[in-house]
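Below is one structure, written out as structure tokens; comments come after it.
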Amino acid sequence: MQIKRINHLCSAYPCHSGLEDCTFCYCPFYPCLKAELGSYIYSENLKKEVWSCENCNVVHKQKTVDKIFKLIRENTAL
């Protein structure tokens, strides 16, 4: 049974629709630069283009989070 890890107290919640897992509040792959997951947008605040992944929810899928944890465990010397 998979645990649904949702942080309802997060100031950005809900950052995406269809959330399954909020373990990673910020994407560890940012910026991935994959056109199917995001794009460059102009930021008025920063006065430049920045990578936007507002339409990506890959890191909020339980299978993705589980794979990331598995990679961390396999590649971390204790």
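Bear in mind that the values in this text are calculations on the coordinates, not laboratory data. Note that this is a predicted model, so its numbers are computed, not measured. Note that each Cβ is placed from the backbone with ideal geometry, even for glycine, and that neighbours are counted across all protein chains shown.
Computed values, structure above
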quantity	calculated
Lys pairs, the chain - Cα-Cα below 24 angstrom, 8 or more residues apart or on other chains	11
Value of [θ]222 nm, deg cm²/dmol, for the chain, DSSP H segments ≥ 4, -39500 (n - 2.57) each, nearest 500	-5500 deg cm²/dmol
Highest-MSF residue in the chain out of Lys61, Lys47, Lys34 [GNM, Cα springs under 10 Å]	Lys47
Using alpha-carbon coordinates, inclination of helix 62-74 to the longest axis of the chain, degrees	70 degrees
Within a Gaussian network of the chain (alpha carbon springs, distance under 10 Å), most fluctuating of Glu44, Glu36, Glu20	Glu44
Selected from Leu71, Tyr13, Val50, residue furthest toward positive end of dipole (the chain; charges at beta carbon)	Leu71
Cα centre as origin, Lys/Arg/Asp/Glu Cβ charges: the chain dipole, Debye	220 debye
Sequence-distant residues sharing a close amide H with Arg5 (under 5 Å, placed H)	Cys22
Label selected from (i) 14.1; (ii) 15.1; (iii) 12.2, the criterion being Kirkwood radius over Cα pairs in Å as computed here	(i)
